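The values are calculated or read from the model by the stated rules, or taken from the named source; none is laboratory data. This structure is a prediction, so every number in the text was calculated from the model and none was measured. With ideal geometry, Cβ positions are generated from the backbone for all residues, glycine too; neighbour counts draw on all protein chains shown. Surface areas here come from the heavy atoms of the whole protein model, side chains and all, with no ligands, DNA or RNA. Shrake-Rupley method; radii C 1.70, N 1.55, O 1.52, S 1.80 Å.
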Amino acid sequence: MPAVKLPMRYGHPEGHTDVCFDDRASCLVTCGSDGDIRIWESLDDDPRSVNVGEKAYSFALKNGKVVTALNNNAIQLHTYPDGDPDGILTRFTTHANHVVFNGDGTKIAAGSGDFLVKVVNVEDSSQQKTMRGHEAPVLSVSFDPKDVYVASASCDGSVRVWNIAYQSCEANLPLLQKCNDVVNAKSICRLEWQPKAGKLLAVPVDKAIHLYERDSWKSSLTLSDDFITQPVNVVTWSPCGHYLIGGSIDGCIVVWNVATKACIERIKHEKGYTICALAWHPALPQVAYTDTEGNLGLLQNVCHAEGKSTVPKVPSPATKDYDALFDGDEEDFLNGDMIDHQGSAGIEDDDDDEPLMPVSVRGRQRGLLDDDNDSSLDVPSLKPGDTEKPDGDDKSSLLSIVPQKISYDGPKPTLPQKPFQAGSTPSHLMHRFMMWNSVGVIRCYNDEQDNAIDVEFHDTSIHHALHLTNTLNHTIADLSQEAVLLACESTAELSSKLQCLHFSSWDTNKEWMVDMPPGEDIEAVCLGQGWVACATSALLIRVFSVGGVQREILSLLGPVVCMAAHGDQLMVVYHRGTGFDGDQCLGVQLLELGTKKRQVLHGDPLPVSRKSFLMWLGFTAEGSPCYVDSEGILRMLNRSLGNLWTPVCNTREHCKGKSDHYWVVGVHENPQQLRCIPCKGARFPPTLPRPAVAILPFKLPYCQTATEKGQMEEQYWRSVLFTGHFDYLSKNGYEHDENAKADAEKEQQELLMKMFALSCKLEREFRCVELADLMTQNVMNLAIKYASRSKRLILAQRLSEMALEKAAELESDQLEEEEDFRSRLNAGYSRTDSEWGNPQAKQVMQEQDEEMKEQDEQHEPEKPRKAVNPFSSVSSPEQPPAEPGKVVFSNKSRVNPFQVSGSQKSPAIPGSSSGSARFLDSLNKFSRKPATSGNLAASKSDSIVIKPLAPKAKSKQGQTSLFQSLPLKPIFKKSEVKEKSLSSSQPVEPDAGESKKPKTGFQLWLDENRPSILLENPDFDDSEIIKDGMSRFRNLTNEERTLWIEKAKGGSSGENMVDLKKRKQPEQENRQLNGNQTSEDPDDEFRAAKKCKPLNQATNKLSAFAFKKD
């Protein structure tokens, strides 16, 4: 009996309309272009409507969930039958054309007009697989029943089969007619896999249906009929997988028996409208269909006669036993279908895909069909005589499948991540960002109207916007304040090219281009300061100057993933090996390509989150390496902790939905800002409208951050981490904000003091001591006072001991640093052991360190071993040394029992009873000693200032001495220079970094010859310049050295007189109290005034550590 066609019902407005049965197969569900979902309990009753959007292009229903492809480019999830929104699974840059569920409803596959196919996990939409390769919009998608493959048809004329796990194309079948959009396609090509085993893939091709075998992807058979006169639009399988139904664009519906290739049903649409959807009832011989006018129809008794006719093929006892498993006459359709398939020779049984259980399962099934062989249930194998011919085919099929089954059950390898450019969107998009960083934005437009590149700068003072014609199809780009860097892949005719537009060049030729060797493609590029680099498929890093000069060529340790540059730093991430269980195995190299080339990270493993991949790589604005993985974790290099990576932000904590992400464009340490673009339902932003940049705060993943203690701990260590770049910048000669560093250190000490007070309240005194160990000297004094006032005398006593120990350690460290500095300066000047061991020589060296000026005046060239001390001009240029070769005993006016000079090689005076006073006095002297032009490096090492709490000076005399001991401010330097220029009879242009002390002959010679030394040795720092200048000054003749010394004496007399007049009477009285005799030399009076302070300060410093009992 032929199929019965029921009258059609109007369901939706004109447009594409989808149809399916619900999970219980009790209702029909349709979705039209009007965005409504209608639930039909029968065609005679009115449906119930639920609106899901303004316009819907496709929908699917499974496990009580409805997924729709809407006009807002999103794949939206709703509940069934209520239709409540349940989140956005994913987004595309254009609307999706088709969406389907997999067999168990845990995943969806969607194909869109931006050439992408996505597979998304329904429960966790962040788990997505993206298939790229189509060159035109995707028409339809279909899930493999085993969830191994997904098939897609596209307007580019191809049908592709994708491996979901590896996101790779397994087969590319050029079957369809090409077109540029879905509306121009003759057929929407709704392809579908055979149910259960998925052995065949049915593809509508023109007026026929092609069936392709699994794994081999070869065409096994073609189904066609003369009844079909127009291209087939949609196909679908029967639930048993033995029948195939197709609908054409002229309203023809045809059903085939796949085994016999026979056409068993032919139905014509009553008005000839295009069939756009077909759905087979899970249990009954019914097929629902819709047309492009929004009408719904139903066919009954489809293949019913075919099923009945096949029943006699099976012995009657078997038929009885098989039918006993079901209730109702209506299910005879499925019974007959399944039995007929057992007797068909053209199609294999579905059990063939289960090669590990053929004996027991097949034995039980055959026991139902063969009552004569009762032992078939117990015998482990079947005899050839007990099986029918189709079973023999199954056995041979089993033998062919078993050797191909993978027996390895361990961790499975992960597909390696492909190379990408940080700050860019996928290259397959027609409108995309090629680069978005802190300098500007590069957009690429590749459509029918235009193929161009636009460059826009955030700061237009750097350069005006650029519009470039993309004739070479560049896909990779980078942008800096010097140049624009572009790269393209190789083609059959052209090689891969690197193009640089050096817009900051001062000449007229601002563009250059380099061709890569044949077979070598550029995969990543980056721009540094004065250089560019590219990583190629030949596992090479090619470095060029920004002007186009080829520099270093480096070998990569593995396939490149991403590159980034900042200043002289180059960071490369590559594949160290094969990852397993979804994890990537990445490595990172950090190189410095400046004047001092070195490797900082030697291919260390790059830590990423579990089952994630790299999303962004770059540097902070201050030069610290950082990166973001697909889980939204931002990690930054902690240079103070052995170059390890520290997580500083989790962008997923700020996302509202599971499918939302943040696209990072820049990181700043001062202020602490993460600049990124929010992407709703996608990982990348669209180019239009222009996305807005959001700022996220940093937060280290410390425990119990909801408590006050946890918050302060997180703030403190985050401040410590984000101020580490100051040390790196100063070490490498970069400019940095000293005020910002001071503010950060102040904030850290305030947090320590707050945590100290909190620990005191909680009676955690041991924790208080741990916190005090992180404090500076000043804050530790406050902690001592706080502990004493809180009646915690034991804690205060321990802190006082810690303060003294820390002061002693600081003093010894500074002495060692100065000794190391002297040894470096004296690398080319040595003395014999006997000479250094001579007590007379030791005393002479001690006096030379204190009195360098007198050494210049009384210099005797005939005694070179005891001539100019190379340390004198660096350590203490204002102190005149003793005459070489003569033992000089210091007079009473120059002895200070509380003073420990950091510039002397000999230890402090033994037997002194004021040990703690000497510690504090010497530390204060080092911290407040003004830096001279000859001791720049030493002043850097003595930058730590320790200021114990001391009472304010009440007398005018104390204020004067304090003023003289502090470092001079720039405003005083300017006034001092002005007074010197007015009062000096032989004016000498002063240096901005000098103090009021007169210059020695060597210093004047060095100031005049410093440019020539730098010209010959541009890489020298200050210490190397001084060392080289000393050696040159020693090589001068006696007359030349004497001339420079006399010149220094003549130029400093006027200045000394001015200084002498400025001194006040209290200073002279203070000098007399300290036992200093009046000297005719003004310098002696000045030095005496400078030496009068330590006695008073020592008392103040000792009193700072005292505490009172209340």
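Tabulated results
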{"quantity": "Accessible area in square angstrom per residue, the range 495-653, 1.4 angstrom probe", "calculated": "40 Å²"}
{"quantity": "Phi to ³J(HN,Hα) by Karplus 6.51 cos²θ - 1.76 cosθ + 1.60 over the range 133-149, Hz, x for Gly, Pro", "calculated": "x, 5, 10, 7, x, 7, 8, 7, 9, 8, 7, 5, x, 8, 6, 9, 10"}
{"quantity": "Distance in nm between pseudo-label sites at K178 and E708 (7 Å out along the Cβ direction from Cα)", "calculated": "7.2 nm"}
{"quantity": "Cβ-derived FRET efficiency at R0 51 Å, D773 paired with C169, nearest 0.05", "calculated": "0.25"}
{"quantity": "Surrounding net charge for M435, when Lys and Arg each add one and Asp and Glu each subtract one, Cβ distance under 13 Å", "calculated": "-1"}
{"quantity": "Pairs beyond 30 Å (Cα-Cα), from K218/K611; K611/K731; K709/K791; K741/K791; K196/K418; K497/K680", "calculated": "K218/K611; K611/K731; K741/K791; K196/K418; K497/K680"}
{"quantity": "Phi-based couplings in Hz for the range 61-76 (Karplus 6.51, -1.76, 1.60; Gly and Pro marked x)", "calculated": "10, 6, 6, x, 10, 10, 10, 10, 9, 9, 6, 8, 6, 10, 9, 9"}
{"quantity": "Residues whose placed amide H lies under 5 Å from that of D147, excluding near-sequence neighbours", "calculated": "none"}
{"quantity": "E1016 paired with E819, simple spin-label distance in nm, labels 7 Å along Cα-to-beta-carbon", "calculated": "3.3 nm"}
{"quantity": "Accessible area in square angstrom per residue, the range 682-816, 1.4 angstrom probe", "calculated": "56 Å²"}
{"quantity": "Heavy-atom surface of the range 97-178, accessible at 1.4 Å and reported per residue (Å²)", "calculated": "32 Å²"}
{"quantity": "At most 15 other Cβ within 10 Å, DSSP loop - chymotrypsin sites (Phe, Trp or Tyr not before Pro), the range 740-826", "calculated": "none"}
{"quantity": "Length-normalised contact order of the range 603-749 in % [C-alpha pairs under 8 Å, at least 6 apart]", "calculated": "15 percent"}
{"quantity": "Alpha-carbon centroids, the range 785-808 and the range 407-469: separation in whole Å", "calculated": "59 Å"}
{"quantity": "Amide proton proximity set for V546, modelled H, under 5 Å, gap of 5+", "calculated": "W531, V532"}
{"quantity": "Cα-centre dipole for the range 606-759 with unit charges at Cβ (Lys and Arg positive, Asp and Glu negative), debye to 20", "calculated": "840 debye"}
{"quantity": "Gap separating the Cα centres of the range 162-228 and the range 261-275, nearest whole Å", "calculated": "20 Å"}
{"quantity": "Spatially close lysines, pair count over the range 1-130: Cα under 20 Å, gap of eight or more or interchain", "calculated": "8"}
{"quantity": "Full-stretch length increase - D86, Q449 - with 0.36 nm per residue and alpha-carbon distance subtracted", "calculated": "126.8 nm"}
{"quantity": "Whole-Hz ³J(HN,Hα) from phi, Karplus 6.51 cos²θ - 1.76 cosθ + 1.60, for the range 26-39, glycine and proline x", "calculated": "9, 9, 9, 10, 10, 9, x, 5, 7, x, 9, 10, 10, 10"}
{"quantity": "In range of the label at N473: residues from the range 176-215 whose backbone nitrogen is under 20 Å from the point 7 Å along Cα→Cβ", "calculated": "178-181"}
{"quantity": "Extended-chain gain in nm, criterion 0.36 nm per residue less alpha-carbon gap, L762 and T1042", "calculated": "93.7 nm"}
{"quantity": "Rounded FRET efficiency, nearest 0.05, which uses the C-beta distance separating N71 from K680 and R0 of 22 Å", "calculated": "0.90"}
{"quantity": "Cα gyration tensor shape of the range 432-563, rounded if a/c is under 1.5, else prolate or oblate by comparing a/b with b/c", "calculated": "oblate"}
{"quantity": "Prolate/oblate/rounded call for the range 568-663, Cα gyration tensor, a/c under 1.5 rounded", "calculated": "oblate"}
{"quantity": "Residue-count net charge about N180 - beta-carbon cut-off 11 Å; Lys, Arg +1, Asp, Glu -1", "calculated": "-4"}
{"quantity": "Segment E123-S505, length gained on full extension (0.36 nm per residue, minus Cα span)", "calculated": "132.1 nm"}
{"quantity": "Whole-Å distance, taken between Cα centres, linking the range 3-43 and the range 506-521", "calculated": "60 Å"}
{"quantity": "Separation in nanometres of the label points that stand 7 Å from Cα toward Cβ, at E801 and S219", "calculated": "9.3 nm"}
